[in-house]
Amino acid sequence: MPIFFIKSLLSILLFILTIFAIFTMFEVFGRLENRFNIERLKKLHRLNGKVYILLYILIAYFCLDFVVKTKAEPSPRATFHAIFAISVITLLFLKLSFIHIYKKFYNQVKIIGILIALLTIGMIGTSAGYYLLITKFGIDIPVKRVEKIRFEEKRFYVKNDTESIVKGKELYESKCSFCHETSSTKWGVGPGHKGILKNPLLPVSKKPATPENVANQIRNPYKDMPSFSYLSDEDILNLIAYLNTL
């Protein structure tokens with residue numbers, strides 16, 4: 001199961017907790033006539049908040065682990081996601097400090113709670129929502145088969161020594177395996193790379209499947225893939241050497 005799918009499922013739980021937090025807050029502070037036991041709702045709201053924080057930390061761990069391991073340059077969508085996430089945790093700390101320390105600001109807690117909920121929805125929408133949408137809720141999307149076409153392909157040198165292939169595999173596992181798989185052409189976050197240099201076209205850009213175009217995709221990616229422009233020429237050649245074995 002792809003890590004992004006697991007993260008997305010956790011994000012759905014976070015969304016449910018957010019909706020419940022808003023519901024309990026509105027019921028406690030918004031109604032003139034109470035429909036439920038207020039003290040019970042307050043206890044549930046506090047418990048809900050604790051679970052929210054734990055789940056937020058777990059999801060943040062997955063995100064930071066991905067960033068650290070891939071060292072990927074964030075896309076605009078990922079940047080917005082990060083801004084939402086940082087805003088949420090900042091307001092959360094502010095809310096807790098107003099409740100437990102700076103109690104003169106307690107009246108602001110309700111507004112902060114609403115802001116946290118709205119930012120959480122934005123945070124989830126730019127990550128889990130996007131992922132579940134493009135993958136049809138985690139179902140692998142097979143790459144459309146493209147009929148073989150004739151094209152002029154410039155021949156480039158592909159390293160085929162064992163050392164380069166091994167280094168390329170290690171690099172692939174640390175940088176690429178989060179979004180791609182090597183055993184098929186099915187989609188996870190991105191397309192599978194089985195036979196990528198043996199097919200006539202690259203799966204997303206539809207450019208000829210040449211080492212040069214693969215290198216360009218890594219450094220100047222087409223569509224939503226993050227850039228790995230910091231990789232050296234040697235790293236790129238090693239990656240291509242490994243991809244050529246798939």
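The values are calculated or read from the model by the stated rules, or taken from the named source; none is laboratory data. Everything numeric in this text was worked out from a predicted model, so none of it was measured. Glycine gets a Cβ as well: all are built from the backbone with ideal geometry, and neighbour counts include every protein chain shown.
Being surrounded by fewer than 17 Cβ atoms within 10 Å (Cβ to Cβ), part of a loop (DSSP other than H, G, I, E, B) and at pLDDT 90 or above holds for only one residue in Gly195, Gly138, and it is Gly195. Lys148 falls short on exactly one of the conditions (1) outside the structural domain of Leu237 (by TED's automatic domain parsing); (2) at pLDDT 85 or above; (3) not small (Gly, Ala, Ser), and that condition is (2).
Listed by first and then second residue, the pairs with beta-carbon distance under 8 Å, at least 6 apart or on different chains, first residue in segment 198-222 and at positive phi, second surrounded by fewer than 17 Cβ atoms within 10 Å (Cβ to Cβ), are Lys206/Val146.
Rundown of residues vs (1) of a type in the set (Asp, Glu); (2) out of contact with any Lys or Arg (no Cβ under 8 Å at 6 or more places or on another chain); (3) at pLDDT 80 or above, yes/no style:
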{"site": "Tyr157", "(1), (2), (3)": "no, yes, no"}
{"site": "Ser177", "(1), (2), (3)": "no, yes, yes"}
{"site": "Gly190", "(1), (2), (3)": "no, yes, yes"}
{"site": "Ala209", "(1), (2), (3)": "no, no, yes"}
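Return the only residue of Lys42, Lys50 being at pLDDT 95 or above and over 21 Å from Thr126 (Cα atoms).
Numbers: Lys42 fails: at pLDDT 95 or above.
Checking each option against the conditions leaves just Lys50.
Do the conditions hold for Val189, that is, is it within 25 Å of Ile134 (Cβ to Cβ) and touching a Cys at 6+ places or on another chain (Cβ under 9 Å)? Give the steps one after another, and end with the answer.
Working: within 25 Å of Ile134 (Cβ to Cβ): yes; touching a Cys at 6+ places or on another chain (Cβ under 9 Å): yes.
Yes, satisfied.
Looking across segment 216-246, not a single residue is surrounded by 17 or more Cβ atoms within 10 Å (Cβ to Cβ), touching a strand residue (DSSP E or B) at 6+ places or on another chain (Cβ under 8 Å) and among the polar types (S, T, N, Q). So, of the residues in segment 90-135 that are over 14 Å from the mean Cα position of the chain (by Cα) and of a type in the set (Gly, Ala, Ser), which turns out to be surrounded by the most Cβ atoms within 10 Å (Cβ to Cβ)? Among residues in segment 90-135 that are over 14 Å from the mean Cα position of the chain (by Cα) and of a type in the set (Gly, Ala, Ser), the one surrounded by the most Cβ atoms within 10 Å (Cβ to Cβ) is Gly113.
Just one of Phe36, Phe80 is of a type in the set (A, V, I, L, M, F, W, C), touching a helix residue (DSSP H, G or I) at 6+ places or on another chain (Cβ under 7 Å) and in a loop (DSSP other than H, G, I, E, B); which is it? On inspection, the qualifying residue turns out to be Phe36.
Scan segment 26-61 residue by residue and report those that are aromatic (Phe, Trp, Tyr) and crowded, with 16+ Cβ neighbours inside 10 Å. Correct list: Tyr52, Tyr56. Within segment 44-63, at least one residue is of a type in the set (S, T, N, Q), assigned by TED's automatic domain parsing to the domain that holds Lys7, in a helix (DSSP H, G or I) and farther than 30 Å from Phe178 by Cβ.
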